[in-house]
Amino acid sequence: MSNGTSTTPAETANVMLVSAHDWFTSALQAVLEPEGFVFTRVRSARVALRDAPQVNPDIVIIDEGLPDLDAPGLASSLSAGAIKSSVPILVYSPNFWNESAQAAAMRAGAWDIIKEPIRSNLVVAKLRRLLEIKRLIEATEEGSLSDMATGLFNLAGMMRMLRVMGGASRRHGTSLSCVVLGPTTMPSADSVGALRDSAARLWGQGIRESDVCGWIDDSELGIITFGTDAAGVTSLVRRLTERTEADPAAGELAPVSAGIVELTDRFVEDSDIESPRVAPMATRIAGLSGIAAARNALREAREAGGGIRIADIS
């Protein structure tokens with residue numbers, strides 16, 4: 001297992017690790033605990049299913065070779081209600097696992113596969129991305145599609161429009177991109193209301209009618225741009241930044257930072273295609289992956305002191 005660069009964790013995440021192998025547990029803990037991941041380790045599927053509601057994990061990692069159930073079977077059982085549907089499930093794929101076994105785990109409810117050779121920096125990045133998708137899924141549970149105060153979409157509304165725009169993008173062969181904008185410095189709690197009003201006025205009203213914007217969280221606004229690649233979105237961000245910096249009422253909205261991602265077929269599903277083989281949660285994960293990538297790029301831009309960051313989706 002290669003060594004990654006350790007950073008100070010911004011938050012902790014509770015990992016339920018289901019493994020009968022001490023070496024695998026030790027290897028993951030050595031990589032993930034310095035990054036803020038806290039482990040609850042169980043040795044069998046039976047105990048995992050019994051204890052999952054009490055553990056309330058943020059992520060579940062299943063090691064192949066359990067004494068009482070295979071990894072796809074446990075993933076399926078956990079997905080059936082032992083944990084919240086928003087909790088990512090990963091399955092460790094040893095060298096002897098073939099593609100059909102990995103596909104079986106994904107069909108059973110696994111979100112992703114940890115493959116050999118295990119590279120610590122890639123594992124950490126993957127888990128961070130999945131945690132962001134988990135947060136976004138939970139934010140879409142609201143019944144309304146719009147924010148009453150500003151009139152812009154909320155995250156649930158953004159996801160609805162992303163399906164429509166993704167289908168149109170695929171049919172017409174046009175680009176589709178997403179940018180998440182926010183102040184470089186996190187605002188104080190008592191200024192969030194005024195900041196949202198300014199963002200709605202300066203950013204929400206500064207886009208084309210063919211684009212869609214909505215709130216990702218209290219102080220971050222997402223924009224999905226139709227027929228625009230990352231270079232075009234960069235120009236959009238610079239225009240909105242100039243508009244913000246020139247406005248005397250912008251307040252804590254400036255300086256602006258942004259994360260950008262081009263939304264390919266791996267990020268959006270065609271809403272005209274109905275396939276019984278694709279689980280509803282899988283389509284939600286696909287759509288939210290792009291927004292999560294843009295949001296993580298925004299955070300990287302902030303950590304670097306501000307500016308624009310284009311997501312690396314390789």
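Quick note: the coordinates plus some simple rules give every number you see, no bench work behind them. Everything numeric in this text was worked out from a predicted model, so none of it was measured. Using ideal geometry, Cβ is built from the backbone for each residue, glycine included, and neighbour counts are taken over all protein chains shown.
The angle between the Cα long axis of helix 99-108 and the longest principal axis of the Cα atoms of the chain comes to about 70 degrees, rounded to the nearest 10.
As an exercise, identify the trypsin sites (Lys or Arg not before Pro) in the range 9-91 lying in DSSP coil whose Cβ has no more than 10 other Cβ atoms within 10 Å. Here no loop site has a sparse enough neighbourhood. Taking the square roots of five times each eigenvalue of the Cα gyration tensor of the range 96-148, the equivalent ellipsoid has semi-axes of 31, 16, 5 Å, listed largest first. Each of W23, I207, I310 was placed along the dipole of the chain (beta-carbon charges, centred on the mean Cα), and the one lying farthest toward the positive end is W23. The share of Cα pairs per 10 Å bin across the range 13-139, counted from zero up to the longest distance, runs 13, 50, 34, 2 percent. The ranking of R170, R196, R208 from fewest to most other beta carbons within 10 Å of each one's beta carbon is R208, R170, R196. Which angle between 0 and 90 degrees, to the nearest 10, do you get for helix 45-55 versus the longest principal axis of the chain when only C-alpha atoms count? Its long axis makes an angle of about 40 degrees.
Relative to the dominant Cα principal axis of the chain, helix 155-172 is inclined by about 90°.
Shape class for the chain: prolate, because the ratio a/c of the largest to smallest gyration tensor axis (alpha-carbon atoms, square roots of eigenvalues) is 1.5 or more and a/b beats b/c. Taking the Kirkwood radius as the inverse of the mean 1/r across Cα pairs, report the Rg/Rh of the range 155-310. Result: Rg/Rh = 0.99. A simple rule links phi to the HN-Hα coupling: the Karplus curve 6.51 cos²θ - 1.76 cosθ + 1.60 with θ = phi - 60°, which for the range 119-134 gives 10, 4, 5, 6, 5, 4, 4, 5, 5, 4, 4, 5, 5, 5, 5, 4 Hz, with x for Gly and Pro. Placing dummy labels 7 Å off each Cα toward the beta-carbon, the span from N98 to I118 is 2.5 nm.
Ranking T185, L263, A292 by how far each Cα lies toward the positive end of the dipole of the range 155-310 (charges on Cβ) leaves L263 at the top.
Is the shape of the range 68-195 rounded, prolate or oblate, going by the alpha carbon gyration tensor and its root eigenvalues a ≥ b ≥ c, with a/c under 1.5 for rounded and a/b larger than b/c for prolate? Prolate, since a/c reaches 1.5 and a/b exceeds b/c. Applying the criteria of a DSSP loop state and at most 14 other Cβ atoms within 10 Å to the GluC sites (Glu not before Pro) of the range 149-245 yields E209.
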